[in-house]
1. Check which residues have an amide H placed less than 5 Å from V16's amide H, if you skip close sequence neighbours.
2. For the range 68-83, in order, what is each residue's ³J(HN,Hα) by Karplus, 6.51 cos²θ - 1.76 cosθ + 1.60 with θ = phi - 60°, in whole Hz (x at glycine and Pro)?
3. Determine ³J(HN,Hα), in whole Hz, for all residues of the range 126-132 in sequence, where each value follows from phi through the Karplus function 6.51 cos²θ - 1.76 cosθ + 1.60 and θ = phi - 60°; x replaces Gly and Pro.
4. Dipole size in debye (nearest 20) for the range 98-141 around its Cα centre, Lys and Arg Cβ +1, Asp and Glu Cβ -1?
5. For R98 and F27, what is the calculated FRET efficiency with R₀ set at 35 Å and r taken between the beta-carbons, to the nearest 0.05?
6. Less than 15 Å from a label point 7 Å out along the Cα-to-Cβ axis of S64: which backbone N atoms in the range 11-36 qualify, by residue?
7. Please state the charge dipole magnitude for the range 3-152, taken about the Cα centre, from unit charges on C-beta atoms (+1 on K and R, -1 on D and E), reported in debye and rounded to the nearest 20.
8. Label-point separation (nm) for R138 and Q117, each offset 7 Å from Cα along Cα-to-Cβ?
Amino acid sequence: MSIEHLLATVRALPDVLVVTPQPGSDFPEPTWGDSYVYYAPDGRIPGRTQPYATIVTSDHPGDSASALGAAGRRRVNVQVDRAAFHALTGEDPRGPGRPRDHTAPDVVLPHPVYGAQSWICVVNPGERTSDTLVRLLREAHEAARARYERRHGAGERRPG
């Protein structure tokens, strides 16, 4: 599954906002070309909420374990709950992780930096991980929606 197909799947979800900074934008240069996925019923980047998924296209300072500097390498990152993290990785996100090859493509792994916060990642998703990623993205979207409703009142929309 291509990254474009994953992004199209995400964009089809209700109240989703996908932000992809471009060269010359106000976003820092290392983020140009990356995509950040939010639950945002008002269509704006939430002020105090992190994205629930990201697609990164290059190494970032402090995050180079996936060797994204090579042409054509991308990494999809998704926040999951602790039970899903354990089911996918065999680890507790807060426990000591075992050494992993974060360059391996098409494998669900703990995120090399944010695994302790229940983030998983897949470098260059393919046949083995595409269905799982689509399911995880939908679940993460639903969890983000539920958090939004808890913060802002069920069924209410934040004023624009």
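1. Those qualifying (amide H under 5 Å, at least 5 residues apart or on another chain) are A40.
2. Coupling constants for the range 68-83: 7, x, 6, 4, x, 8, 9, 9, 9, 10, 9, 7, 10, 7, 4, 5 Hz.
3. Rounded to whole hertz, the list is x, 4, 6, 10, 4, 4, 4.
4. That gives a dipole near 140 debye.
5. The pair R98/F27 has a calculated efficiency of 0.55.
6. The answer is 30, whose backbone nitrogens lie closer than 15 Å to the label point.
7. About 340 debye.
8. 2.6 nm
Every number here is computed from the coordinates shown, using simple stated rules; none is lab data. These numbers come from a predicted model, not from an experiment. Cβ sites come from the backbone with ideal geometry, for glycine too, and all protein chains shown count toward neighbours.
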